[in-house]
1. Give the longest segment of chain C that steers clear of GluC sites (Glu not before Pro) in DSSP loops with at most 11 neighbouring Cβ atoms within 10 Å, not counting the sites themselves.
2. Toward the positive end of the charge dipole of the range A:110-182, about the Cα centre and with charges on Cβ (Lys, Arg +1; Asp, Glu -1), which of A:ILE130, A:THR160, A:PRO144 goes farthest?
3. Provide Rg and Dmax in Å for the range C:14-126, with only Cα atoms included in the calculation.
4. Rounded to whole Å and sorted largest first, list the principal axis extents of the Cα atoms in the range B:11-91.
5. Under a point-charge model restricted to the Cβ atoms of Lys and Arg (+1) and Asp and Glu (-1), what is the dipole moment magnitude of the range A:110-182 relative to its Cα centre, in debye to the nearest 20?
6. Dipole magnitude of the protein assembly as shown about its Cα centre, charges +1 at Lys/Arg Cβ and -1 at Asp/Glu Cβ only, in debye to the nearest 20?
7. Looking at C:ALA111, C:CYS60, B:SER7, which one has the Cα that reaches farthest to the positive end of the dipole of the protein assembly as shown (charges on Cβ: Lys, Arg +1; Asp, Glu -1)?
8. Ballpark to the nearest 100 Å², how much total accessible area do A and B bury together, probe 1.4 Å?
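The values are calculated or read from the model by the stated rules, or taken from the named source; none is laboratory data. Predicted, not measured: the structure shown is a model, and the values here were computed from it. Here the Cβ positions follow ideal geometry from the backbone for every residue, glycine too, while neighbour counts run over all protein chains shown. Ligands, DNA and RNA are stripped out before the accessible areas are found, and what is left, the full protein with its side chains, is counted by its heavy atoms. Shrake-Rupley method; radii C 1.70, N 1.55, O 1.52, S 1.80 Å.
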Amino acid sequence: MSTSETSNEAISHAIPFLRFLISMPPRALEEFCHALMECSGQIRADVLQMFEIAEDESLSVDERGHALRTIVDQLHLIPDDEGRFGMDLARSEELAASNFPALAYQVGRMNLQESEFADRLRHLMKTKHITQKELAARIDCTQPAISQMLNRKCRPQRKTLNKIATALAVDVRELWPDLEVSEYLDSVAEFQQDDRIMTEPEAVALRDTSQPRSKLKGQPLPSRKK
Amino acid sequence: MSKHQLSADLFTEADQQQLASFSCGDTVVGRACTEWIRGSDVLDSMQRGSGVWLYRNSDDEIVGFGSLGPIRWRWPLPDGDYAKLAIIPMLGIDERFQGQPPGKEWRYSRQIMNHLIYEAHVFSAMQKKPVEWLLLLVHPENKPAIKLYEEFDFVMIPDVRRGAANSCVMKHRLAE
Amino acid sequence: MEENQETELPVRWSVRISLSAFRDAHAVIPRLAGRARLRRQAWKLQWWNSGDAEVLDVQCRPIPGVPMWEVLVEEGYGFGHGFRVVFVPLEPDGTIWVLCIMKMGEPVTEAMKMIFQARLNAIVERKDVSMENPFGVT
Ligand SMILES: CC(C)(COP(=O)(O)OP(=O)(O)OC[C@H]1O[C@@H](n2cnc3c(N)ncnc32)[C@H](O)[C@@H]1OP(=O)(O)O)[C@@H](O)C(=O)NCCC(=O)NCCS
């Protein structure tokens, strides 16, 4: 391969990267270049490769998104509050919950659900005279998994809950009273998703203009601050 | 002005501190509603562009909340184009104020619905092309909610059930 | 009943997540309550027995062609049918690194494998760097 071919290839690899650089505001560009200078040769080469993936229109939006997010890792030398690369999965929940009340609320709910479940499971196993080993065998998992659930160290997946309910011959809501609440909230979150392709009945209903327009215009309410 | 007149103010994360005793009741949807406004789902919804309002009575008690947001769904392929719609992601009234006041004229549920429909028109007017539909999700067994929505010209979309909760979708064709 | 004694399972790994995987989670589950639930599934990895096809009640499997694994979380939180948590065990450190969070339906393509490798390269190079040890000397 001639030198000019190699350099042409190098330039073509660098084009997505250059395009990205040009689009950056000057301040961000300065910080970006600084971070890049501090990287090893390996990581610099990886950054270029990630830009190539991110710009490749033949790849999926998901792949290109993952590539762009990779650059976050590559250019952040010490990103974490702990002063180390990455985050400790368990500690990051604690840390984030102490900063974000909404997450603290969610963590509180999860802890409560898991401990209620552990109590209910323990009670049911006792009344039905089932050992951890027996239950594990019935639901096709290991005894330590059951033990961890009883210790509130294993949040069961929905399918595990179903299996346990069947094995103990109880309604799954007896094990996890919040189940329908979570499902309802999941459906509310799903309903608000952009880009979703409508189902045929939804499309028919929204194309149907035989329903007359409402005459209601609504009414404003005063603000209490005024 | 009636003492039952509600006020509406945009909800912020800081307001969650005042919601410690707010509860929409012990039904599945009531619990979901409470969790939505007191937890993180309301914040995610706001991040997606929803407006959320807290409604208070003349004694400054929190009566309920309502929300209104944009969504962009796509028509089925081969069309695949976007349709801009408005939705009411969630609304709820504290159990102490459900069915209150007894007279219909100042019923809180109606004041809230009227306000949300008004806000849907404000939202629609801000778009390049007016928004035609206001949608919402409702649990098939939530009789008071369905009755309330029907009174405000929402009709059930047939043959649509969403999620494990099997929720129904209702549509309201906004006035011009 | 002796079998019903709840002995604690010893923690085998410290589980860390890279910042990119953390951002992936925000992209694939734009909902805090969902991410919080997914995290509780991923942290089961601290009890993973190297090479096992499951940990507690979640399934694990190796990713063909790369020295990496994935956990299959079969819950959607309103955003699909489930998620894949791609991880790599770094034995000498006793650390499992979560490299990537993907939707269950996303295929592991060659481009994705390059992405995993690039993320791993950054981890290997920087994992020992800290405020106290700015040059990452081991
Ligand atoms: C839904 C909600 C906002 C309605 O507010 P409300 O103050 O309870 O509503 P109203 O008392 O005005 O009831 C609406 C209608 O349903 C009727 N109704 C009440 N309970 C009913 C029942 N069990 N079965 C049939 N109809 C019922 C009422 O009589 C009223 O009809 P009317 O207009 O002819 O008098 C409120 O109940 C609430 O917050 N519920 C919990 C959360 C929730 O369900 N949110 C909606 C999510 S989609």
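1. Working: sites that count: C:GLU8, C:GLU132.
The longest uninterrupted stretch comes out as C:9-131.
2. Highest projection toward the positive end goes to A:PRO144.
3. When restricted to the Cα atoms of the range C:14-126, Rg and Dmax are 13.0, 38 Å.
4. That works out to 53, 24, 21 Å along the principal axes.
5. Numbers: 13 positive and 9 negative charges, 52 e Å.
Once rounded to the nearest 20, the dipole reads 240 debye.
6. Working: 65 positive and 77 negative charges, 330 e Å.
The dipole magnitude comes to about 1580 debye.
7. The residue sitting farthest along the positive end of the dipole is B:SER7.
8. Values: alone 17710 and 10670 Å², together 22670 Å².
Counting both chains, the buried surface is close to 5700 Å².
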